[in-house]
């Protein structure tokens, strides 16, 4: 296959992919979006691609050690620093940084990927990226592209919002968690953002769940510009956790009101179940005092979280606002843990349909506690949900290698087909026939590019029966094989940005 061909059209690319620029508020992997942005940059570098990162914070020195050229603004996040009121509307320094980098380093084969901008970079980043808009890809890790508060939620009640941003109904709704003055500021910022972003002619938007599409479309983003791209997930365990043998409730996330740690604690106490919380946050000290029976493990690395998950019966994700994806829910489900999550989580219908989840309003303590108690009382039900979680949820996520392959597919598409080819056999990008199809590495390209190229075609499907033998079940679990020593099913995964 000719390495200069467009992945979907089989036509020559304008230029081969020579450089990827990852743009994000943070260069440190502090949360979901920043962890994905940083992890993608590291994975691209591992595949031999030239990678740069433009960030709003102080540069993480670990990135330079990974071969990533980082240009950083050196600013803190908006909340709690001087000048936030104006910088949040239009960060001139951020716009200058991006503009100057493009002027000095841009090439026709450079693709730009914008992840997060609401905490430091501000809407000014869209203006700075205007000269390279035809080579820009945007990730929607939340709803800030389409909603002033980023969540389509009325935070006072937790109710979903059906309004269109900046409409009369939107302007009249007291939805902001910090009050009317902050809502007014967010409305002004969203108006500025819409002016420079121009959603009606949006670059490709990669949505982390397909159900985000109608909400993003409310902003005027064309349906054709919205592309579902599930998050990469590394499960807590590659062997099914025998949840039916355990008793503990597990919560993993920030210990703060938005994530509902207090709701999980109240429900576990009412159900009489032990609970362990992994994470840190503003509410940890207060909740530890109020719930002395709970175990607070603090922030832990993935391996340590996996070790604790092996003792869990169920994972709870009681967020007070709609989770566009819910990474921790999939990390648990793919390891065989049943999940209790709110109906507003976009993954809820998927996990419930797979038999792996229970959807309950976490604000309803009685109903939440009843769901926990029902699982505690029935080993058979817990085992059935555990097996369903492990075998039937694989299509809801991508492996890290699959995710990187899909990103590279979208990047290659941004370079666009033209009439004449202008590249050689060493062009460092992956070729394929479309999202969800197997990608192939051009002959003569860097061998490091081949690491994940075979993965995309094998993700769909799930188990049709919980009682199948280990060999048969392994054939039904994406990326899994029977362990000859134990007879258990082991899922093969590799971490992102390892």
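Name the helices (runs of 4 or more DSSP H) wholly inside the range 32-119 in which the number of residues that are without any contact (Cβ under 8 Å) to a residue 24 or more places away in the chain and within 20 Å of residue 186 (Cβ to Cβ) is 3 or more.
It comes to none.
Return the only residue of 300, 277, 337 being free of Cβ contacts under 8 Å to residues at least 40 places away in the same chain, part of a loop (DSSP other than H, G, I, E, B) and touching a strand residue (DSSP E or B) at 6+ places or on another chain (Cβ under 7 Å).
Sole residue among the options that is free of Cβ contacts under 8 Å to residues at least 40 places away in the same chain, part of a loop (DSSP other than H, G, I, E, B) and touching a strand residue (DSSP E or B) at 6+ places or on another chain (Cβ under 7 Å): 300.
For the range 320-334, what are the residues that are within 15 Å of residue 251 (Cα to Cα) and at pLDDT 95 or above?
328, 329, 330, 331, 332, 333
Looking only at the range 145-160, count every residue that is surrounded by fewer than 21 Cβ atoms within 10 Å (Cβ to Cβ) and part of a loop (DSSP other than H, G, I, E, B) and tell me the total.
5
What pairs come out if I take residues in the range 352-365 that are in the same structural domain as residue 329 (by TED's automatic domain parsing) and pair them with residues that are part of a strand (DSSP E or B) and surrounded by fewer than 21 Cβ atoms within 10 Å (Cβ to Cβ) whose C-beta lies under 6 Å away, six or more apart or interchain?
Sorted first by the residue in the range 352-365, then by its partner, the pairs are 352/359.
Looking at (1) free of Cβ contacts under 8 Å to residues at least 12 places away in the same chain; (2) closer than 18 Å to residue 89 by Cβ; (3) in a helix (DSSP H, G or I), can you tell me which one residue 178 breaks?
Condition not satisfied by residue 178: (3).
Would you say residue 236 is assigned by TED's automatic domain parsing to the domain that holds residue 381, crowded, with 19+ Cβ neighbours inside 10 Å and either assigned to a loop (DSSP other than H, G, I, E, B) or within 23 Å of the chain's Cα centre (by Cα) (or both)?
Judged against the criteria, residue 236 is not a match.
Tell me the residue from 188, 132, 125, 192 that is farther than 22 Å from residue 350 by Cα, surrounded by fewer than 20 Cβ atoms within 10 Å (Cβ to Cβ) and in contact with a helix residue (DSSP H, G or I) (Cβ under 7 Å, 6 or more places away or on another chain), please.
The unique qualifying residue is 132.
Report, by residue number, each residue of the range 254-268 that is crowded, with 24+ Cβ neighbours inside 10 Å and assigned to a loop (DSSP other than H, G, I, E, B).
Those that are crowded, with 24+ Cβ neighbours inside 10 Å and assigned to a loop (DSSP other than H, G, I, E, B): 255, 260.
Against the definition (within 30 Å of residue 144 (Cα to Cα) and surrounded by 17 or more Cβ atoms within 10 Å (Cβ to Cβ)), how does residue 338 come out, yes or no?
Spelling it out, it is not the case that residue 338 is within 30 Å of residue 144 (Cα to Cα) and surrounded by 17 or more Cβ atoms within 10 Å (Cβ to Cβ).
Criterion first (farther than 19 Å from residue 341 by Cβ, at pLDDT 95 or above and not in a helix (DSSP H, G or I)) does residue 285 satisfy it?
It is false that residue 285 is farther than 19 Å from residue 341 by Cβ, at pLDDT 95 or above and not in a helix (DSSP H, G or I).
Yes or no: residue 224 free of Cβ contacts under 8 Å to residues at least 12 places away in the same chain and assigned to a helix (DSSP H, G or I)?
Considered against the rule, which asks whether it is free of Cβ contacts under 8 Å to residues at least 12 places away in the same chain and assigned to a helix (DSSP H, G or I), residue 224 comes out as yes.
Which of (1) free of Cβ contacts under 8 Å to residues at least 12 places away in the same chain; (2) under 27 Å from residue 387 (Cα atoms); (3) touching a strand residue (DSSP E or B) at 6+ places or on another chain (Cβ under 9 Å) does residue 288 not meet, given it meets every other one?
(2)
Could you grab me the full set of residues in the range 161-173 that are under 17 Å from residue 218 (Cα atoms) and assigned to a loop (DSSP other than H, G, I, E, B)?
Matches in the range 161-173: 161, 162, 163, 164, 165, 166, 167, 173.
The values are calculated or read from the model by the stated rules, or taken from the named source; none is laboratory data. Computed from a predicted model, the values in this text were never measured in an experiment. Cβ sites come from the backbone with ideal geometry, for glycine too, and all protein chains shown count toward neighbours.
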